[in-house]
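Input: a single structure, listed below in structure tokens.
The values are calculated or read from the model by the stated rules, or taken from the named source; none is laboratory data. Fair warning: this is a prediction, and the values are worked out from it, not measured in the lab. FYI the Cβ positions are ideal-geometry reconstructions off the backbone, even for glycines, and counts take in every protein chain you see.
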Amino acid sequence: MKIAVLAVQGAFIEHEKKLEALGAECFELRQKKDLDTEFDGLVLPGGESTVQGKLLRELDMFDALKERIESGMPVLGTCAGLILLADQLTNDGHVYFGTLPVSVRRNAYGRQLGSFRTVQEFAGIGEVPMTFIRAPYIEEAKAGTQVLAEVDGHIVAVRSKNQFGMSFHPELDADNRIHELFLKTVEA
């Protein structure tokens, strides 16, 4: 199983290390020719969503990735990756891939000083550690979207068909169960 990790900006190496430790083969998407490599799943990491969206267009990778997501390729979007997937941003006029039926508030927990860690229930897994860094949250999960986790009444993880979107950074904690869930989805 081969997982492509968007590596134009942001926290991608941590995802790669975790997925490789779980037995997946990873490679980095850095330029358009990388899309010629066959892959089974996609990770959109945390970082700066505006920069990632801009670079995806400048590098002519945006449309091809959107098409793969819409065609059912499993994708894990964390923090900025969630923003890239969302079909609506409530405090920003931009929409990037727009494939995940959720309304997301960017930087909902404030600036860097608003970063925090918690342990909360994650549907089907149990309690998991969650690290939030300048994180968004999901204001609305629309039809067909399953809420997987909430923190203080705010939705922080969802699934819609092949897409997982999370406000937090599961790659920064020792718990592997979220990445295992993603890999099981890819395998299926």
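Key figures for this structure:
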| quantity | calculated |
| --- | --- |
| Count of segment 81-93 residues which are surrounded by fewer than 24 Cβ atoms within 10 Å (Cβ to Cβ) and out of contact with any Lys or Arg (no Cβ under 9 Å at 6 or more places or on another chain) | 1 |
| Helices (runs of 4 or more DSSP H) lying entirely in segment 1-70 (those with 3 or more residues that are within 16 Å of the chain's Cα centre (by Cα) and more than 21 Å from F168 (Cα to Cα)) | 62-70 |
| Residue in segment 71-80 that is surrounded by the fewest Cβ atoms within 10 Å (Cβ to Cβ), counting only those that are among the hydrophobic types (A, V, I, L, M, F, W, C) and part of a strand (DSSP E or B) | V75 |
| Residue count, segment 160-182 (criterion: of a type outside the set (D, E), surrounded by fewer than 22 Cβ atoms within 10 Å (Cβ to Cβ) and not in a loop (DSSP other than H, G, I, E, B)) | 5 |
| Close pairs from segment 1-21: first closer than 15 Å to S49 by Cβ and in contact (Cβ under 8 Å) with a residue 60 or more places away in the chain, partner part of a strand (DSSP E or B) and of a type outside the set (S, T, N, Q), Cβ under 6 Å, at least 6 apart | L6/L29; L6/L44 |
| Qualifying residue in segment 106-116 (condition: in a strand (DSSP E or B) and either in contact with a helix residue (DSSP H, G or I) (Cβ under 8 Å, 6 or more places away or on another chain) or modelled with pLDDT of 90 or more (or both)) | no |
